[in-house]
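Data block below; observations after.
The values are calculated or read from the model by the stated rules, or taken from the named source; none is laboratory data. None of these values were measured; they are calculated from a predicted model. Here Cβ is always computed from backbone atoms with ideal geometry, including for glycine, and neighbour counts include all displayed protein chains.
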Amino acid sequence: MKVANCFFALPLPEEEITRFVELVGALKEMHLPVRFQKTETAHLTLLYLGTVHEDKLSRAVEHIREIASQTRPFAVTVTGCGHFGSARYPRVVWLGAAATDALTGLQNTIREQVANYAEKKDDRPFHAHLTIARISSAKGYSAAQPDVEARCSRYTFRFQADRIRLYTADQRTGERQIPSGDFLFSQ
């Protein structure tokens, strides 16, 4: 059996979700042509696997469990705003995360040990971020982009990463980003 839309990420802790909810609320007031990230599952993606067979996912999880057990909690600083895609056709609005040695080291280790279980290979450089929204109209968004970036710049914060979380989707209901397992860092 296949499991859909699997990925491993650092979940945003409960105390910081409040800030994320605030930001999304402020942006919703702008009536942007976007589909907002579910605030309760805000996260920083480390590796996207895609739709994979259960046996591959089980092997990937074993690697993640081992990696997490050898990782110490570390601080993540969320700052800055930007978008993926071109200036003419932006696709995703995000809050950036500082690329510390701990964060990039963790992502590199995961990529080295787990990426071969992914549906397809992704050689793009790692860009640490929290997705805010997916843009449905580039033209409509571009006009508001300076105001979006100004509002997002007020949301700088730090959180303590203490786990890797597996997210999956339910193919029957279409629900995505379902927390499906936590792998705690060593204390």
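Name the single residue that is farthest from residue 27 (Cα to Cα) among those in segment 83-107 being of a type outside the set (A, V, I, L, M, F, W, C) and touching a residue at least 40 places away in the same chain (Cβ under 8 Å).
The qualifying residue farthest from residue 27 (Cα to Cα) is 107.
Determine, yes or no, whether residue 110 is of a type in the set (Val, Ile, Thr), surrounded by 13 or more Cβ atoms within 10 Å (Cβ to Cβ), assigned to a helix (DSSP H, G or I) and in contact (Cβ under 8 Å) with a residue 60 or more places away in the chain.
Yes.
Identify, by number, the condition in (1) touching a residue at least 24 places away in the same chain (Cβ under 8 Å); (2) over 21 Å from residue 153 (Cβ atoms); (3) charged (D, E, K, R) that residue 55 doesn't meet.
All conditions pass for residue 55, except number (1).
Mind listing whichever residues of segment 89-119 are under 14 Å from the mean Cα position of the chain (by Cα) and of a type in the set (Lys, Arg)?
Scanning segment 89-119 gives no hits.
Could you check segment 135-187 and list, in sequence order, the residues that are out of contact with any Phe, Trp or Tyr (no Cβ under 6 Å at 6 or more places or on another chain), under 23 Å from residue 22 (Cβ atoms) and β-branched (Val, Ile, Thr)?
Matches in segment 135-187: 148, 156.
Can you tell me which of (1) modelled with pLDDT of 90 or more; (2) out of contact with any Asp or Glu (no Cβ under 8 Å at 6 or more places or on another chain) is the one residue 171 doesn't meet?
Answer for residue 171: the failing condition is (1).
With (1) under 17 Å from residue 35 (Cα atoms); (2) modelled with pLDDT of 95 or more; (3) small (Gly, Ala, Ser) as the list, and residue 97 as the residue in question, which single condition is left unmet?
Among (1) under 17 Å from residue 35 (Cα atoms); (2) modelled with pLDDT of 95 or more; (3) small (Gly, Ala, Ser), residue 97 violates only (1).
Looking only at segment 1-49, how many residues end up being part of a helix (DSSP H, G or I) and of a type outside the set (Lys, Arg)?
16
Among the residues of segment 119-151, which ones are in contact with a helix residue (DSSP H, G or I) (Cβ under 8 Å, 6 or more places away or on another chain), part of a loop (DSSP other than H, G, I, E, B) and surrounded by 12 or more Cβ atoms within 10 Å (Cβ to Cβ)?
Across segment 119-151, the qualifying residues are 122, 126, 128.
Go through (1) within 12 Å of residue 46 (Cβ to Cβ); (2) at pLDDT 95 or above and name the single condition residue 122 misses.
Status for residue 122: all satisfied but (2).
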